[in-house]
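S.K.: Got a structure for you, questions after.
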Amino acid sequence: MTKTGETHIEALRDGRNVILKGENVSDVTTHASYRNSVATSALLYDFQAAPENVEALTYISPDSGERVSRCWQLCESYEELRARRAALESWAECHFGFLGRSPDHVASGLAGQIMGIEVFERWNSSRAGALKDYYRYARDKDLYLSYVIINPQADRSKGAGEQDDPYLTARIVDEDAEGITVRGAKMLGTSCIMSNEVWVTTIQPLKEEEGVYALSFAIPMNQKGLKILSRKSYEEAAVSEFDNPLSCRFDENDAVLYFDDVKVPWERVFIAGDVEMCGAQFHGTPSHVHQNYQCQIRLNVKMRFLTGLAHKIAEANGVISIPSVREMLGQMAADAALVDSMLNAMEVKGRHWGPYYVVDRHTLYAAQVQTQQLYPRFISALRELAGGGMIMLPSSAEDFANPQVADYIHRTQGSPVFTPEERVKFFKLAWDAVGSEFASRHLQYEMFYAGASFVTKSHSYRTYDWGEAADLFGRMFDSYSLVDSLGGANDA
């Protein structure tokens, strides 16, 4: 049976060790810091299970015969890839692109490793078998997976094995017939609060002597010894849904995970101690491209939402007919179209990896370079369009409950397209998307979720067809010479 929201919420009542404000949170499904975001995650499963959506958003598992999310699908053609994208877009529209680590993200990364499973099989057939078994398990359970693949920052001039504390970064401290024991921390743990399980590995380069940090495994969020150190909840700080409509519902949270001698059985271990394999798992398979392709699908939806927000701001302030405003909106529309066009291009230019159809690597990385720069520009443009409109607002929805204050609100919140109440509602939404603490976190997220800009530009550099460009340049460069030019001059 297709997974439902009720099934998902019940699975989160598993005794996981979430730490917030110095205390343990006993139930994330009811706590004021998480309950609305958890409800949003459940909504995704209800949405895909709805009779009118189930055919488009799910497919039949080849093993269980049950319907599961298309995010797990290993596409073998352009047409299948497009159908999968349509499903992921529908999911992203449920949260307007604000859940950066919705269930389809890590599922995409795991599916990409299965597409390149031969890389694992050449290294260790047992670990490859464990990965294949886990993929089938996670797919057929339609699990919500999060991941932690970055080391704690600490002294970034040093590698994982050079830090003052050798157990700062999660590492193998013991290994026996049953499995490995892990101690240390990983981040960023986005969406761990509402995930079923977490995939733990590293995407950062390791030195040959740092084998104890080269690991990849998956465990339930309630695994003994796993501590989930939650950041501040923007959801809890939200005054109301009217005042903070985005942070109230879509604060997916982030967390540092600390592994306090966590025992991981071998059937859940995919890499243990091999630095070369740890590096190959993302870039030697379609994994990195496939998971970041999902990011671009989500971001495309978010940019469409923000573009609509920008146009409505101009209408609300009565400036839509001013040429300079239309010029700004035209630039934003072009930027939004750029994201959509590059998404289409990476699909059309895709190619087969064995039997699987995968998007074009360089177009994907080029899109990431562009969008890292584009998102801050978008936010800045929205601020410029809104001016003081997002700031000079009533303190909360409760102001409307006081007749005298409500009268002042109606006198001061005028708009050519909104009633005073609608105007307040609208600009509260705009502020939550652009200027609130929740919005600030999203600006940081969109700028760095794929790595620092030098990382994405490095991916673009290494995947561009420099040979083709050099050949074209060479044809021009070789088409004339000094001798020919001087000979022509003498003949004249």
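The values are calculated or read from the model by the stated rules, or taken from the named source; none is laboratory data. Since the structure is predicted, the reported quantities are computational estimates derived from the model, not experimental observations. Cβ sites come from the backbone with ideal geometry, for glycine too, and all protein chains shown count toward neighbours.
S.K.: Of F418, F427, which residue is assigned by TED's automatic domain parsing to the domain that holds S321, part of a loop (DSSP other than H, G, I, E, B) and of a type in the set (F, W, Y)? Walk me through how you get there before you give the answer.
M.R.: Working: F427 fails: part of a loop (DSSP other than H, G, I, E, B).
The unique qualifying residue is F418.
S.K.: What's the total number of residues in the stretch 64-121 that are over 17 Å from C295 (Cβ atoms) and aliphatic (A, V, I, L, M)?
M.R.: Total satisfying the criteria: 7.
S.K.: Hey, another quick one. Suppose the filter is charged (D, E, K, R) and either under 30 Å from M277 (Cα atoms) or at pLDDT below 95 (or both); does E210 pass it?
M.R.: So E210 fits the description; yes.
S.K.: I'd like the full set of residues that are modelled with pLDDT of 95 or more and surrounded by fewer than 16 Cβ atoms within 10 Å (Cβ to Cβ), limited to the stretch 154-187.
M.R.: D174, E175, D176, A177, E178
S.K.: Which is crowded, with 19+ Cβ neighbours inside 10 Å and free of Cβ contacts under 8 Å to residues at least 60 places away in the same chain, of D399, D335?
M.R.: Criteria check complete, one pass: D335.
S.K.: Note down all Cβ pairs under 7 Å where the first residue falls in the stretch 171-194 and is over 15 Å from S233 (Cα atoms) and outside the structural domain of G273 (by TED's automatic domain parsing), the second is among the charged types (D, E, K, R) and surrounded by 20 or more Cβ atoms within 10 Å (Cβ to Cβ), and they're at least six residues apart or on different chains.
M.R.: none
S.K.: Please enumerate the residues belonging to the stretch 367-411 that are outside any helix (DSSP H, G or I) and within 37 Å of the chain's Cα centre (by Cα).
M.R.: Residues of the stretch 367-411 outside any helix (DSSP H, G or I): 391-396, 402.
Of everything in the stretch 367-411, those that are outside any helix (DSSP H, G or I) and within 37 Å of the chain's Cα centre (by Cα) turn out to be I391, M392, L393, P394, S395, S396.
S.K.: Give the residue, chosen from D261, D274, that is under 17 Å from I149 (Cβ atoms) and assigned by TED's automatic domain parsing to the domain that holds D176.
M.R.: Exactly one residue qualifies, and that residue is D274.
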